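Each value in this text was obtained by applying a stated rule to the coordinates, not by laboratory testing. Since the structure is predicted, the reported quantities are computational estimates derived from the model, not experimental observations. Counting neighbours? That spans all protein chains shown, and the Cβs are built from the backbone with ideal geometry, glycine included.
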Amino acid sequence: MKVVILAGGLGTRISEESHLRPKPMIEIGEAPILWHIMKYYAHYGYTEFIICCGYKGYIIKEYFADYYLHRSDVTFDFADDNKMIVHNNVAEPWKVTVVDTGLTTETGGRVKRVQKYIEDETFLLTYGDGVSDIPLPALIAQHEKSGKTATISAVQPGGRFGVLKINDRDATVVGFQEKAKEDGGWINAGFMAVAPEIFGYIDGDSTVLERAPLERLSAEGKRGVYKHDGFWQCMDTQRDKMLLEDYWQTGEAPWKIWGQ
């Protein structure tokens, strides 16, 4: 089963970083968040990736072209005919297809553009800016049992801000409460399982996957949901990046379920 990763957006809400590189290439623990996502899928045995590029997609291509150099020790011997020696090169069991799906193409259009690489197979689909500890085998099992065209994972992220308890009589704060997950609605967390029938719901580059295609599937009863109560975090802003970095540096990253 192939894994399709949407990695072509402009990342305008984290422009401090994305003006230099595509958002999926922003680093957490000195590795792009895209790498973290791929390591997560590979842990479960899904090692064939199709990356939908757009904005500064050449950076993603160059990263994988020089993957050994990024992940290994290297000796440059200029005295011996400019010889380069790669030490303990890191081999991932991955097959990675990087596709230019257009600078302004919408999410549905990007998926449509990689149809020829997916062919007539069910595939996994996610965004290139979010990590989670969603149990992929359970998600996929539910999808296969349900017969739905698309099964999306859903999480309750909760509110970003806590709630003050105020005594209006004397304008004093009498308490503070973090907003619980249960106070918010369920949102699409990515990490989807999708049947090839989805391509028939996508018109072209201007199609936003989360709108007409998924809304139509919902109306037809063909859109399933896998509710996840565990960890999920996207990287929309610099604040999100620092939060993920803190998880990684403290050794408490819930999405790191692989070995070295």
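Remind me, relative contact order of the stretch 19-159 in percent, using alpha carbon pairs under 8 angstrom and six or more residues apart? Present the calculation step by step, with values, prior to reporting the outcome.
Values: 125 pairs, mean separation 37.0, N = 141.
With pairs under 8 Å counted, the relative contact order is 26 percent.
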- Query: With the Cα gyration tensor of the stretch 1-118 giving a ≥ b ≥ c as the square roots of its eigenvalues, does the rule (a/c under 1.5 for rounded; else a/b larger than b/c for prolate; else oblate) give rounded, prolate or oblate?
  - Reply: prolate
- So between ALA31 and VAL74, what do we pick up on full extension, going 0.36 nm a residue minus the alpha carbon distance? 13.7 nm
- Message: Classify the stretch 198-245 from the C-alpha gyration tensor, please: rounded if a/c falls under 1.5, else prolate or oblate depending on whether a/b exceeds b/c.
- Response: oblate
- Going by average Cβ neighbours within 10 Å, how do the peptides 46-53, 105-112 rank, with the highest at the top? 105-112, 46-53
- For GLU119 and ASP205, calculate 0.36 nm times their separation in residues minus their Cα-Cα distance, and state this gained length in nm to one decimal. 29.1 nm
- Item | As computed over the chain, the Cα convex hull volume per residue (Å³) | 174
- Report, for the chain, the % of DSSP beta bridges that are antiparallel, rounded to 5. 50
- Item | Listed pairs LYS148/LYS256; LYS112/LYS145; LYS95/LYS241; LYS39/LYS256; LYS56/LYS241; LYS39/LYS112 exceeding 18 Å between Cα atoms | LYS148/LYS256; LYS112/LYS145; LYS95/LYS241; LYS56/LYS241; LYS39/LYS112
- Message: In the stretch 20-64, whose amide N lies under 19 Å from the spot 7 Å out along Cα-to-Cβ of MET84? List them in ranges.
- Response: 58-64
- Under the definition of Cα pairs under 8 Å and six or more residues apart, what whole-number percent is the relative contact order of the chain? 24
- Message: What distance in nm lies between label points placed 7 Å from Cα along the C-beta direction at ASP133 and GLU197?
- Response: 3.5
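State the extension gain, in nm to one decimal, for the chain segment bounded by GLU92 and LEU243, taking 0.36 nm per residue of separation less the distance between their alpha-carbons. The partial results should precede the final answer.
Working: separation 151, 0.36 × 151 = 54.36 nm, distance 2.71 nm.
My answer for the length gained is 51.6 nm.
How charged is the neighbourhood of GLY224? Take every other residue with its Cβ under 10 Å from the Cβ of GLY224, and add Lys/Arg as +1 and Asp/Glu as -1. Before the final figure, lay out each step's value.
On the way: positive: LYS145, LYS148, LYS222, ARG223; negative: none.
Around GLY224, the surrounding residues sum to +4.
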- Task: Per DSSP H run of at least 4 residues, take -39500 (n - 2.57); add these up for the chain, divide by its residues and hand me the 222 nm value, nearest 500 deg cm²/dmol.
- Result: -7500 deg cm²/dmol
